[in-house]
Amino acid sequence: MLPTLGIPHFSILSDSAYTLPFTTWWLIYGGVVLLFSTMTSIMNVLKVVEKRIAEHRLDPQAYMAKKAVGGNRDSGEDSKYTPLYGLLPAILPWTLLVPYLYMHPEILHNHLVPVILFTSILNAYSVGQMIVAHLVKLDFPYHNVLNLPLAVGVIDGLIPRLGLLEKSFIATGQNQVAFVFMCLGLAVGIYGSFVFDVITSICDYLDIWCLTIKYPCVDTADPLKAKNP
């Protein structure tokens, strides 16, 4: 990209960095922005938690009274770093996915689409759990069951590399391809049932339909509309 823009080749840039394509630079830019957003969010959370801890120390009774009406979710006595555990649903899948793809390059180069779909559904399920937990005031969902098949794949790949067995249980080739599609099918089933449960629960509670209006509004002031809604 840099040669195309007419930027000279400075000595601090290596040849590989100078000739990086636009797509790679775009990914680097996205990574920098994501890191900046994450770090600033962490700093904001730490400031809020420090403020709550100070409030709890000054007047514990008032703090707990505020918590009782939904003002606070923490006890005021936890470490200020406790909320950072909420990053686990975002970090854990990538700490498993990267080594899995490294150990199975045939999946990375030939069957990446189902892996992308599986990862997308996994993240969507985590976000859905967070939203539901926030709405109904449940504990934060630190765990995602869809991480388990990824963990199984990583552990299975480490078995021969650690010298525990000569071959892994899943092995390579078509077995790994079948494993990836099994993970995708499992993700579709679990996330689909989650979405169905959320939609039906909301519709039943509010006595509404999902895609159509159950009780159309009738203008009683107009007799024609009242007879023919």
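Summary of values
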item	result
Compactness of the range 99-195 as Cα Rg over 2.2 N^0.38 Å, two decimals	1.23
Neighbour-count order for 52, 161, fewest beta carbons within 10 angstrom listed first	161, 52
Pairwise FRET efficiency - residue 111 versus residue 211, Cβ, R0 = 35 Å, nearest 0.05	0.50
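Just so you know, all these numbers are worked out from the coordinates, no wet-lab data involved. If you're wondering where the values come from, they're calculated on a predicted model, not measured in any experiment. With ideal geometry, Cβ positions are generated from the backbone for all residues, glycine too; neighbour counts draw on all protein chains shown.
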